[in-house]
Structures are given as structure tokens and as C-alpha cells.
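Every number in this text was worked out from the coordinates using simple rules, so none of it is lab data. Because the structure is a prediction, the values reported are computed rather than measured. Reconstructed Cβ throughout: ideal geometry from the backbone, glycine too, with neighbour counts over all protein chains shown.
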Protein chains: 2
Amino acid sequence: MTGTRLDRWHGAYSRRASGMTASQIRALFAVASRPEVVSLAGGMPTLDALPLPEVAEIVRRCAADSAAEALQYGSGQGDILAREQIVDVMTTVGVTCDPDDVVVTTGSQHALDLLVRVLVDPGDVVLVETPSYVGALGVLRSYEADVRHVPVDAEGVDPVALEAVVVGERAAGRRVKALYVVPHHQNPGGTTTSARRRAALVEVCRRLEVLVVEDDPYALLGFDHDPLPAMHSLDPDGVVYLGSFSKTFAPGLRVGWAVAPPALRSKLVLAAEAAVLCPSSFSQRVVATYLATSDWRAHVKVLRSVYRERRDALVGALEQHLPDAVLTRPDGGFFTWVAMPDDLDTTAMLPRAVAARVAYVPGTAFHADGGGGAHMRLSFCFPPPERIAEGVRRLAGVVAGERELRRTFRGTGPVPVAVPTGDVDRPATDTA
Amino acid sequence: MTGTRLDRWHGAYSRRASGMTASQIRALFAVASRPEVVSLAGGMPTLDALPLPEVAEIVRRCAADSAAEALQYGSGQGDILAREQIVDVMTTVGVTCDPDDVVVTTGSQHALDLLVRVLVDPGDVVLVETPSYVGALGVLRSYEADVRHVPVDAEGVDPVALEAVVVGERAAGRRVKALYVVPHHQNPGGTTTSARRRAALVEVCRRLEVLVVEDDPYALLGFDHDPLPAMHSLDPDGVVYLGSFSKTFAPGLRVGWAVAPPALRSKLVLAAEAAVLCPSSFSQRVVATYLATSDWRAHVKVLRSVYRERRDALVGALEQHLPDAVLTRPDGGFFTWVAMPDDLDTTAMLPRAVAARVAYVPGTAFHADGGGGAHMRLSFCFPPPERIAEGVRRLAGVVAGERELRRTFRGTGPVPVAVPTGDVDRPATDTA
């Protein structure tokens, strides 16, 4: 250190890095990961239902019997065994594809990262739902995309509004590169894009030459029905499909995938090789062996019932303790989206919530335009039902206190609150 | 497909993607991965020396006993157990650091990718050795860096030439962001930057405010001596150190790391979270357990002797069969750098070599400026000694044929040759 400034490389960062700053809520999430806090913030799947002895035997076999491939460098596109299994998984969303069409990635997050890398120049417009996945907004920001939110209703993105936004942006001289959607059990909105809406969106995007990016990690986690056919099945050359084993198997392996049109897929593979040489051969071998030898469909059924019970616990507790909040009642996935009564500021309230030992993600995290101030995302994926109910009770107490404060201090600005501090240890997970 | 053009998204790619094109030698490398071909091209480490039963038991335990962490999402910076072990490994190159200083990544390639992302705007200059690691050139190209080669001698980068290049580039109005070096057993040159040269380079870079990126995957693989102190140890705030377990343990796990100054490290973590959320928790747990419970230093000693024997086989065969080639005699690592007699064009010769069942990487792959046309990189890391000798015999035959052709067709341009074709399956490995 020179002693005259804290960061010797302050002037050396790229323009895109200037947008990479730690959020204020980050430190709070570190506190939220303490065991005494009920976290309704994170997107961590439960691992309770995993057949651990079976998984342990699979990983042992992968190292003992397949070391020459599983512990070695592999293909930048991903190993053929994993791609063959992924082709089989894709049939569950009505997609018929070939192993050649698949690119295996370090989680589906990296597929999105690589896709944005090969598509987006600074200032290019990418359209997203209102609200949209915080991790996608992070990737888009890191490539200096210009993010535009498109209105949604209970069936998904409004195709008329979508067309108007595309036309408007193009009239203003901007390049519109893609529409990013999470059509099943959306993160954070909890809604599923209906079949007819999928068709309408694909039609609009095909006509306007906008690539659809279909991020579908929750497809198999519908509580009451099987997945709808993927948008990719409606226009395989117009839609890039992103899939993940993080919600249905194990996020710690970091295995996701993209199914993309051939030329675009070749670009993704080249970008992947530049970024990581290849995804983990070992993780891919474990996933491929699990899919080939375990009854993974039965495991998914167990997950559906576990998450249905937790959804019921969350929604039931909200109806009981926060009856005037407006919430989605998701029929799958991990998340409920809540509009707070009295337009309560969920960002300002978060320190008080954490002090009361309950955590959530404020709605602003899911907006690139400052929206979502009176919303929050509540996740029901990780804590067991009784903890979820306790978390909502604590949250209701915080909301009651917030309203009381607001009546007392109306118009005097934010009220300071003491909040415990902690080191940042699991930041990624808490907004995933 | 519209039927009117092959790629519907042809006009939608980013500017950086236009530089991502499959090389002509790519298809040849697919052929080179066939068992009948002796590949002196790839950078795959041998896995023969790994204690496989021990590794199998470690991975089993990680899944059976540590599932809640090992199979779950983790920190974007990497898990604390892995970072603590990495701190211990760093002492082997004379670096004292704290787990807070370490960022675990999906192989050290991803550390480099993230570093370039937070540093380089299109057109920024990054300085590299002559020749330089092909994978680094790929990353730099994908972020549109302006790569400048700096002359090297037997002791590493020439500090006087380095200063002249920096001053010249800055006088021309360009921003010089970093010097990228592989100081131990360089890929592809095979040379090690001497201790006094390390000090001189760090001094120049400190004075000129150029960040040093020290990529050090081969540090522990010196045949005759322990590693030299890392450049990072000379100026911890001026050097980012990149490390890897791919050469000393197993590349299939994809675990590497960066040790970086605090502010830069924070940027790297934010970039990592955007790109992949977090590195594989499972891979990190396996590496941390291996390092904590196995005699990994003894394993490294075995590797040194295995690679020393293979280096001897390669250099010996070259001296016997290609006595007029000029080559480095590396005292560690994976690679020998060969200057061909008569300025033979190694790129033009490659199809003939592959047809003769031997493969190498042409020198042009390691140059961003078209240089290296009469050079090749020969690797001795993967094939056993007798295969290496056979590969060199085949190569000598190809060279003899090439000289014969040249005498016959002098001045008539390249001579066509029939070469088998194959699908691209292990591209990343063959240039790693």
C-alpha cells in the first residue's frame, strides 16, 4: 500500500467493474445466515430428501472406477454421458434434442453469463420480467446491458406490452437483443407463464427477431401438475433453454446446461473454453451416473411434496399473521412474492427484521429500475414448516412495529435501528 | 431455421463474440485424441500416480458426512476450509497470506477470466511473454484486450524491454493494465523466471503502476529444485497470484484460486458471483480434505520424478532424431519449446503430422501477433516415455518428408495432404 490511497488499483478497473459494488443488504445477509435467524431470504434447496448413501456410493465409484475421465480435463461443451442424460431430462418439458445441442456449464448461472457475453455489447437492451431474477440482473449489469422491465400479469409477460417496448426501444435507436424469462414458478414472482402465453411470446419474439432466453430451473417442481412444454419446443432456433440440477439434485456440484441453436451453441462453447477450459468432469460424471442409475423421478416427486408442504406453511402463516399483504400463491418452485400493506418500505425495514431474527429479500433487488420498494420475496425452500411459520410470526411483529413507528414519526424520515454485524460468508446463496 | 440464412442470430452477437472463432487446428486436435495418435499436443497431467483408493474414500466421505455443506451452495469467495488449506500451500512459494486474501475459482482459468473482466476495457493493453499461454490469449481476446508480447531470454521477461514497451504504449495514448507471466516452467516456453529477474520485473511494474498477474500452476513441479519465492511475495499489493490444483491433484475437479490485494479481491468475488454464484462446494471439500488428510507433498514428489523421466525421454529423443532443432530443456513443468530447422512452417506441417499419428501445437497458437510460425510446443506430461519416444520418431519422419517436399516443390506453395477428419470432442484439453 502506498499509504496515500486505500486501493492502489483504484484507477485500473474496467468500466464494467465500476458497476460491481457490494450492496448494503449484503452484510445483513451474512447476519441472516446465523442459525438463530429464520431465513426466508435464500434460495438454497433442501437436501434432506437426498438419498445420501446412494449419492456417496456414486461419487466413490466415479473416483474409483472412472478416474481417467472423471478427474481429467474434459470437453468444453461437456462430457457426452452428461449430455445424453440431459437430452433425456429435456423430454420432461417436451423438448426433443440431440446431445450435440447441449452445452454443460458450471451451473446454469454460467450458461447465462456466457450467453450474455456472446450477445450483449454495452448499452444493448435486454428485456426482463417485472420483477426478475436478481442473479440475471447481476450478470446483465456486469456486461453493461441496458435492462428494461416488461409488465407481467398472472399468465406471464404481457405480449402486447412486450411488442410495444421492443418497437419503442428500436425507434429510439437501441438494439434489443433478448427477452429473459423464468416461465415455470418464476423467481421471484412465483407465477407460471401459461401455455397460450408461451405461444404468444414466442410468436412476438420470432416476428421481432428477439432471442428468447428461457431459464427453467424450477420446471419439475410444480406441486399440482407436470411441467408445461418449454418455449424452446415452440421455436428451437429462437429460444435458448437453460436448465439446472441445483434445485432437483445438488447445487454444490454446479452442473447446469444450455440447449441452443447450432451457431449460437458453437459461440457458447468457445466462450466457455475461454472462461473455464471445461466444466468439472467429476461433477458431470456424478450427475450422469445419478440420472442413469437412480430413480431421480421418484426423488423429484418427494421434493414436490416437501416444497408443497412448505408453501402451505408460508402462505397459511401469511394469511393468518399478515392478512392485508397481497401475495402470490405459487403452484411450484421456491418463492412467494409479497406486496406489503401501506406501501411499507421493505429495504428500510430489513435491518429491523434481521434484528428480530427473520430475513427476506427486499423487492428492489429484483428490479433494475428502482421498483419493488414495497415488495419482498419470501422463500419457502429451505427452512422446515414450523420454522417458516415462526419466521412469519416474527415478520408480522416487525411489520406491526413498522406501522407503529410510521404513525409516530410520519414524515420525519428513516428511523435508526441497531443491527448486529457479521462477516460476509454466504452472499451468493442468500439472493440466489 | 428461416431457410434463407444458416444462423438466424448472425447479426445479434456482441463485438467480443466476433473474435471467438474455432481455429483450423481444432478439428485436427479431435483427430489427435484418437488412441493411435501420440499426442505431444495436450496439457493433460498424468493421473497414474494418484492414490485412487484414498481419493475414492475422500469423495465418499465428503458426500456421506458433509452433504449439508458439500452439496449445497457456498460462498462466492470459496469455502473457508479450502481457503485455509490454500494458505498452507502458498507457503511453498514463500507467500504468507490470510484465508481472507484467497478467492477460490472454477480452475485458475476462471480466476484469470474474472481478473480480466474487472480490469480490461476493449483496447486496453495487456503485456505477455513471447510466447505466452494460449488459454490466456483466449481470455484476453474474449475481452478485446490489446495484447503486446514482450521479449524474453533464458531468465524470463527482459525488464528493460518491458519498460520500453510500457512507456511506448502510454506515449501512444494506450492504457497498459497488466503484465501476465507464468514464472515457473513457463507454458509453452519451458523457462523459469530467475529470482533476480523476478525482483527486477516487480520493481519495474511497481514503478510504472502495472499490475503483475502471476500464473503459477507448475510451481511445485520443478525437477531439480524447490520453487522460487513467488513474485507476489515481493509486492503483495502489486501482484495477483493464480494457483491451481489441476497439475498437482486433479483437473476434473476444477479448483484453482487467486490471491489478490483486498479491493481487487472484493471485485473478483462480485464478478465470480455474477458469473457462477459460487465455485463447486463439493470439489472444494474434496480438495480441502485431500490436502488436510493426505501426504500431498509426497504425491508431488512422485509427480516430479514421473515428469522428469518424461522430460528426459522427450529431450533425448529430440536430440537423437531431430538434432538440428533448437529446444529448451525445461527443469520442470510440462512443455518443451522447439524452434524447427530451416524455418519449417509448423502450422502447415500439422495435418501431415496428424496423418503420421503424432500431434503437437504449432507456435502460432502462443502468439497474438502472428509470430511463432517455425516453432512448436511439445508436451511430455501425458504419454508414457516409450510413447513419447515413438512420437518423436514419427515427428522426425514428418520433418524429413517436409524437407523433401520443400526441395521438390520449392516456391510452389503449400502441398495438399489427405487427413482424417473427426468430431471435436476434447478441444480445451488439447491446447491447455
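Given bins 10 angstrom wide, list per bin the percent of all Cα-Cα distances in segment A:235-337, short to long.
Per 10 Å bin, starting at zero, the Cα-Cα P(r) for segment A:235-337 comes out as 12, 29, 28, 21, 9, 1 percent.
Expressed in nm², what is the orientationally averaged projection area of the convex hull enclosing the Cα positions of segment B:65-164?
8.9
With Cβ to Cβ distances under 12 Å as the rule, what net charge do the other residues near B:LEU115 carry (K, R +1; D, E -1)?
The answer is +1.
Report the equivalent ellipsoid semi-axes for segment B:53-293 in whole Å, largest first, defined as the square roots of five times the eigenvalues of the gyration tensor built from alpha carbon atoms. Walk me through the numbers before you get to the answer.
Details: eigenvalues 199, 77, 42 Å².
Semi-axis lengths for segment B:53-293 are 32, 20, 15 Å.
Compute the long axis of helix A:385-409 from its Cα atoms, compare it with the longest principal axis of the Cα atoms of chain A, and write down the angle in degrees, 0 to 90, nearest 10.
40
Across segment A:60-70, in residue order, what do the Karplus-derived ³J(HN,Hα) couplings come to in whole Hz, using 6.51 cos²θ - 1.76 cosθ + 1.60 with θ = phi - 60° and x for Gly and Pro?
Per residue, the Karplus-derived 3J(HN,Hα) values read 4, 4, 4, 6, 6, 9, 10, 4, 4, 9, 5 Hz.
Quick one: Cα convex hull volume of segment B:1-149, Å³ per residue?
246
Between B:ARG175 and B:ARG329, what is the label-point separation in nm under the 7 Å Cα-to-beta-carbon projection?
4.6
Provide the FRET efficiency to the nearest 0.05 for the B:ALA195-B:LYS301 pair, computing r from the beta carbons and using R0 = 22 Å. The partial results should precede the final answer.
Numbers: r = 23 Å, r/R0 = 1.02.
After rounding, the FRET efficiency stands at 0.45.
Can I get the semi-axes of segment B:287-361's equivalent ellipsoid? Compute them from the C-alpha gyration tensor as square roots of 5 times the eigenvalues, in angstrom, largest first.
34, 15, 10
Once amide H atoms are built 1.01 Å from N in the peptide plane, which residues 5 or more positions from A:VAL147, or in another chain, come under 5 Å H to H?
Amide H neighbours of A:VAL147, under 5 Å, 5+ apart: A:VAL126.
Need one value for A:200-208: mean number of C-beta atoms belonging to other chains within 10 Å of its residues' C-beta atoms. Intermediate results must be reported in sequence, preceding the final value.
Values: counts 0, 0, 0, 0, 0, 0, 2, 0, 0.
Per residue, the number of nearby Cβ atoms from other chains is 0 on average.
What percent do you get for the relative contact order of chain B when only Cα pairs under 8 Å and 6+ apart count?
The normalised contact order for chain B reaches 25 percent.
At 7 Å along the Cα-to-beta-carbon direction for both B:ASP369 and B:GLU36, put a label point, then send me their distance in nm to one decimal.
4.2
What distance in nm separates the two pseudo spin-label positions at B:ALA68 and A:VAL160, each 7 Å out from Cα along the beta-carbon direction?
5.2
Say a label goes 7 Å from Cα toward Cβ at A:SER194 in every copy; what distances in nm does this one have to the rest, shortest first?
Distances between equivalent label points, in nm: 7.8.
What are the semi-axes of the equivalent ellipsoid for chain A, taken as the square roots of 5 times the Cα gyration tensor eigenvalues, largest first, in whole Å?
Value: 34, 26, 24 Å, ordered largest first.
Over what distance in Å are the Cα centres of segment A:299-378 and segment B:57-82 separated?
Using only Cα atoms, the two centres lie 29 Å from each other.
Take the alpha carbon atoms of segment B:167-214, find their radius of gyration, then divide it by 2.2 N^0.38 Å using N residues; give the quotient.
Details: Rg = 12.2 Å, N = 48, 2.2 N^0.38 = 9.6 Å.
My calculation over the Cα atoms of segment B:167-214 gives 1.27.
Measuring from a point 7 Å out along Cα→Cβ, what nm distances, shortest first, does A:GLU390 have to its partners in the other copies?
Reported distances to equivalent positions: 6.6 nm.
At a 10 Å Cβ-Cβ cut-off, how would you order B:HIS10, A:HIS184, fewest neighbours first?
With the sparsest Cβ surroundings first, the list reads B:HIS10, A:HIS184.
Quick one: order B:CYS62, A:CYS278 by neighbouring beta-carbon count within 10 Å, fewest to most.
Starting with the residue having the fewest Cβ neighbours, the order is B:CYS62, A:CYS278.
When a footprinting reagent is the concern and you count Cβ atoms within 10 Å, what order do B:VAL358, B:VAL147 take, fewest first?
Going from least to most buried by this count: B:VAL147, B:VAL358.
Compute the Kirkwood hydrodynamic radius of the protein assembly as shown, taking the inverse of the mean of 1/r over all pairs of distinct Cα atoms, and give it in Å to one decimal.
When all Cα pairs of the protein assembly as shown are included, the Kirkwood radius is 28.0 Å.
Averaged over its residues, how many other protein chain Cβ atoms are within 10 Å of peptide A:167-178's Cβ atoms?
Neighbouring Cβ atoms belonging to other protein chains average 1 per residue here.
Mind putting a number on the dipole of chain A about its Cα centre? Charges go on the C-beta only, +1 for Lys and Arg and -1 for Asp and Glu, and I need it in Debye to the nearest 20. Before the final figure, lay out the partial values.
On the way: 44 positive and 51 negative charges, 223 e Å.
Computed about the Cα centre, the dipole is about 1080 debye.
How crowded by other chains is A:281-287, given as the mean number of beta carbons from other chains within 10 Å of each beta carbon?
4
What is the calculated FRET efficiency for B:ARG403 to A:ASP342, with r their C-beta to C-beta distance and R₀ = 60 Å, to the nearest 0.05?
0.10
On C-alpha positions alone, give me the angle between the axis of helix A:195-208 and the longest principal axis of chain A, in degrees, nearest 10.
Value to nearest ten degrees: 70.
Given the C-alpha centroids of segment B:248-298 and segment A:103-161, what is the distance between them in whole angstrom?
Comparing the Cα centres of segment B:248-298 and segment A:103-161, I get a distance of 28 Å.
Using a 7 Å offset from Cα along the direction of the beta-carbon, what are the separations from A:ASP100 to the same position in each other copy, nm, ascending?
Here the equivalent label points are 5.3 nm apart from this one.
Tell me the angle of helix A:107-119 to the major Cα principal axis of chain A, expressed in degrees between 0 and 90 and rounded to the nearest ten.
In chain A, helix A:107-119 runs at an angle near 80 degrees to the longest axis.
P(r) tail for segment A:129-248, what percent of Cα pairs lie past 26 Å?
Roughly 14 percent, rounded to a whole number.
Taking the Cα centre of segment B:53-293 as the origin, how large is its charge dipole in debye, to the nearest 20, when only Lys and Arg (+1) and Asp and Glu (-1) carry charge on their Cβ atoms?
400
Once the other residues with Cβ under 10 Å from the Cβ of B:VAL182 are scored (Lys, Arg +1; Asp, Glu -1), what is the net sum? Walk me through the numbers before you get to the answer.
On the way: positive: none; negative: B:GLU129, B:GLU214, B:ASP215, B:ASP216.
My count for the surroundings of B:VAL182 gives -4.
Give the dimensionless ratio obtained when the Cα radius of gyration of segment A:122-183 is divided by 2.2 N^0.38 Å.
1.07
Would you mind getting me the FRET efficiency between A:GLU319 and A:ASP153? Use the beta-carbon distance for r and R0 = 22 Å, nearest 0.05.
Once the sixth-power term is evaluated, E becomes 0.50.
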